[in-house]
Structures are given as structure tokens and as C-alpha cells.
Amino acid sequence: MRTRSVKTLGSLAMLGAAALIVSGCAAGNSAGPSAEPSDVAALPATAWVRADAADVQDGGTLTLAVGSLPVQFNINEVDGNEVDTVSIVSPTTGGPIKIEEDGTPVLNEDYASSAEVTQDDPQIVEIKLNPSAVWEDGTPITVADYQSFWAAQNGTNEAYTPASTAGFEDIASIEQGTDEYDMVVTFSSVYADWQGLFTGGLLPASISGDPETYNNSYRTQAVPSSGPFRISNIDATGQVVTLERNPNWWGETPKLETVLFKAVSQDQQGSSFANSELDGLYISANADLYATAQTRSDAAIQTSGGTTWTHVTMNAKEGPLSDVNVRKAVASIVNREQIAASANTPVDAPPVTNGDYIFMPGQNGYEDKALPYDPEAGSSFLEAAGYTKDGDSWTKDGEALSLTITVPADTATNIQRSEQVQADLGDAGIPVELVTVPAAQYFSDYVIPGNYEMVSFSWQGTAFPISSSEALYYPLDSESNFTGTTDDRLGPLFDEANTELDADARIETAKEINDVIWDYVPMFPIAPLPNVYAIKDGLVNWGATQFETIDWTTVGWATS
């Protein structure tokens, strides 16, 4: 059954949907051509400095920035599935599957000795868990934890508010095999991206077994660690989360002694890095951050491909944007090529637009079906919606068409991109008001409840783009579907794609899905963001990457 699922800006594939990013590419006024997908593919998948564990110092602190402290430390719950939260929690979790540099899922031997499909019909996956793997308090991680977690994530109990039910709803049972570390997962139908369910984010049965605990008990405290680090302190006053080595970690001892995540507004992150208060800085396509970061002499820029893409989401539940022709008009009038060029060129990254709702440019299966930039076509769409041009305005039933776009305060890239949207639509006779709201409440009070007409943030995808994107568009009550609309054709198509093990056939179905979404345009993608980082000299095994799972035991400072 399909029930409420929720938000995919997820770097942990277990989230099943992309996690949210407040910031995105910076918009400007300089036009430029769109690059071909091959330009993006030319970027390395991972650009960080690699070093063997033997060449990394024992000890030290890594200090990083997030935009704000989490409002929910359970990254599986709707309010916790945000990129900053995932970044903080990432060193404290892991699973039987990890992702290699090229996006290939492989076995993570810290958590399992094997994970494989043992039967096709019905699909059965058997995972031999590592008996040494324990929770932060020393309690073993067993099949019982996965059984309880599945029950919380699969959508059958509406008391839970998971970020996504994708994949979990396709599991018929999780049973114990020969012992409590032998897990047998039987799917109700073939689920091609099964590995994406086992990369991290697992909760102890004591948490996932109770909806109230799952939903609300970890809003101000950390979820128990199952990774090399644990959260030791959450300083709400000083706005710092401190991670230390997990004393019950069974794997290789982490090189770093502590990791600090400081809440720093995006506007201040560049100066904080330049002043040596941070060791790494995520620049994305922020020209100001890029310029400021380069003033630091003991740092270098890293650029890799990315899975994050900016977009404009339109609330089709009510108002002018409930008309598909108005949505198509907006998508035709906004100059995505100009936004991409003005965003990426200042950070020496290739400008490229994104015209596919599922795949990223450069990724196998990508197909650009976007409505081209064409203000005249936009006018035709408005006429089809019943509007007539009256001087500099478009009117219908005596009312002039105007729109709003809600932006988070102190988030320069989001604001700049929204200003470009405002300028393009304004030139076409559609005035747009920017409504500025507190960044900390942007998602919880505005995006998630649909309290907006337009918003523009970013989605961050996973290495499993078909299944992970479903919740953004279908069903209507998916909590990742912020658009207020859907198309009933999507359900069967996603079912078909998610149960197809042949990669080429899956891609063909995904292309059909892409066509359907472009038919009703609930949002329109703008541009993929390259992963641009500024990294302090000496920091290794952390930085710009597209897919690769960070090995937090080897992150640290080079010995020479």
C-alpha cells in the first residue's frame, strides 16, 4: 500500500528520498550558454585528497559548518531529513552497503559479511550481520532492530512520519535465519534498488518500536550511534554539535579525535573559513564564498560532479498555479540557462542546465525534456489558461496575475536565484513578490505544510535515482511531494521501474516517468550543482565527492 512518505536534498540512500538543501546556486545577470552533459561528466566523481590510514595523523579536530542545528536528529523522520542533519549524523551511522567512487554499491564489512539476492521470485535478500556491530551502549545490532525499523518505515502505521516509505513498503517480511545476525528479507515484488535500504540510518528497536519516540524523542538529543563517532554534546546556546570517538566502535579506530559542527549562516561561512575558524567549506556555486575562500593561503579548491539540483517548486493546490498552463508558462519564461551560467562560471565550473526529473546530466539515462526558454511560448500558455495581456499585466476575470516566492533569510544563493526568477517573470508581465521568512523555519513552517506559492531550494539525490525520486512526485500525500499535485500514471510506472532488474529496461521506464512529469510540470529543475569545496591543506579523505561514502575512520590530517 502507499501511504504518507516524505522528503530526497538524501545523501544516505536509506532515506529513500533526496534530502533538502536550503542553499543552492547563485543567480546573477550575466547570460551564458548551457553546457552539454559531457561537460559535467568530465568532472571527477571524487576530488578529495586520498591517503592511506597509515599516512594520517592519530588525533586532531575537524571543524565544519552547517546552516543551522537540527530540529530533529532522527534523519528518517520528516523533519530530520535535511542535508545539514544528515551531515552531522553521518559519522555516527552506517550499514551493510556503502557506495564506491563510481556510484557502485558494495559490501561494507564493518556491518556485514555478506549481502546478496538469494532468490528472484519472490525476491529474497540475505544479509549476514557482523556480530561485533553494536549500538553506542554496547547492545548488539540484530535482526530485531531491522524488523522494528522496517515496521516504522513501511507506511502501514500512520502514527509514524517517515521521510520516505520507498522500498520499505515493498518488503513483505524480515525474518531471522540461523541466528539473530542472519537476516532474511523477502520482498512482495522485485525491488531493484534494495541495496539503497541498507546504507545507514538504522535505529534501535527501542526507538523505532514506538511512534512517539520515533517522531519526537530526538529533537533535542542525539540518536544512539552505530558508527565510528558519537554525538557527545549539543550546545544549543553556542550552536555547536560535538562528535567524539565512539568507545564501543568495533572497527578501525578513527584518526580524528573530535568533529565539530558549528551553525554558521551561509553569509558568514566564507569569512569564518577565511579566518581559519573552519577546516572545510561547501561552496557549491556561491561566487562570494568562492572568492572569499581563495583569500586563505593554506587551502585549496576541490570540484567534483554533484547530485544536487536546484529547481522551482510550484504549489498547484490552489491559486493561479493550480492551472497546468500557468505552471508551463512560468517554466517557459524563467531563463534556466542564464541562472546556470551566472551560478557556475564564477566558481570555474561548467554551466549546465538540468532537464530530467530522475537522472542527472552525465548520468546513464539522462534525457533533457525541459520546456525551452521561450517567453512567447509562455504567453501562449497564459492565453490557454484564460489570461489576456492588458498593458504590462496578464489579467483574468478582472484580476491581474501576480505570484510570490518564499525565500529563507540570510541565504544568499537561494535569494539570488529567486531574484532571477522574479526578474524574468516580471519582464513577462507577472510581478513576483519575494516573501522572506526565518531560515530555521523555512521547511517546517512553509515548505512542508505548503504555505507558499513558489519556493526554490535544492534536492540532493542518491546513487539510486529512480526509487529515491518517487516520493517527490507520487503519491499526492507523500510528504516529499510539496507540489499539491500528482499524476495517476506515475504509480504504475514507478512500480514497473522499481521491480525491473534489467538496467536498460528500467531506464526506458524512467524516461516515460520523465515525460509524464513534464506533462504536468509540478516543478521545473534548473541546474545541477557541482560539488565545490574549499579544504584546508592537509585534510585528507574528506571533501568534494559525488557518490562515495565517506570512511570516517580515515578522515583526518596527513602526517606530512
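Read the figures in this text as sums done on the coordinates, not as results from a lab. Predicted, not measured: the structure shown is a model, and the values here were computed from it. Glycine also receives a Cβ, built like all others from the backbone with ideal geometry; neighbour counts cover every protein chain displayed.
What fraction of the Cα pairs in the chain, stated in percent, has a spacing above 35 angstrom? Cα-Cα pairs of the chain separated by over 35 Å account for 33 percent.
When the alpha carbon gyration tensor of region 442-541 is reduced to an equivalent ellipsoid, its three semi-axes come out at 27, 22, 12 angstrom, largest first.
Expressed per residue, the C-alpha convex hull volume of region 214-302 stands at 146 Å³. The modelled label-to-label distance for the pair Asp392/Glu109, using points 7 Å beyond Cα in the direction of Cβ, is 6.9 nm. For region 204-287, GluC sites (Glu not before Pro) meeting the loop criterion (DSSP other than H, G, I, E, B) and having at most 13 other Cβ atoms within 10 Å: Glu252.
Separation of region 339-417 and region 232-289, taken as the distance between their Cα centroids, equals 34 angstrom. Is region 78-197 best put as rounded, prolate or oblate by its Cα gyration tensor, with a ≥ b ≥ c the root eigenvalues, rounded for a/c under 1.5, and otherwise prolate when a/b is larger than b/c, oblate when not? Taking the square roots of the gyration eigenvalues as a ≥ b ≥ c, region 78-197 is rounded. For the pair Asn364 and Thr186, a Förster radius of 30 Å applied to the C-beta separation gives a FRET efficiency near 0.55, rounded to the nearest 0.05.
Only lysines eight or more places from Lys511 in sequence, or on another chain, were considered; those with a Cα closer than 28 Å are Lys7, Lys98, Lys317, Lys328, Lys369. The spacing between region 93-167 and region 509-560, judged by their C-alpha centroids, is 23 Å. Working from label points 7 Å from Cα in the Cα-to-Cβ sense, the Ala377 to Gln221 distance is 5.5 nm. Rg and Dmax, both from the Cα atoms of region 327-399 and both in Å, are 16.0, 48. Using the Cβ-Cβ distance between Asp235 and Leu476 with R0 set to 41 Å, the FRET efficiency works out to roughly 0.50.
Toward the positive end of the charge dipole of region 440-501, with +1 on the Cβ of Lys and Arg and -1 on the Cβ of Asp and Glu, the farthest Cα among Phe482, Ile466, Ala440 is that of Ala440.
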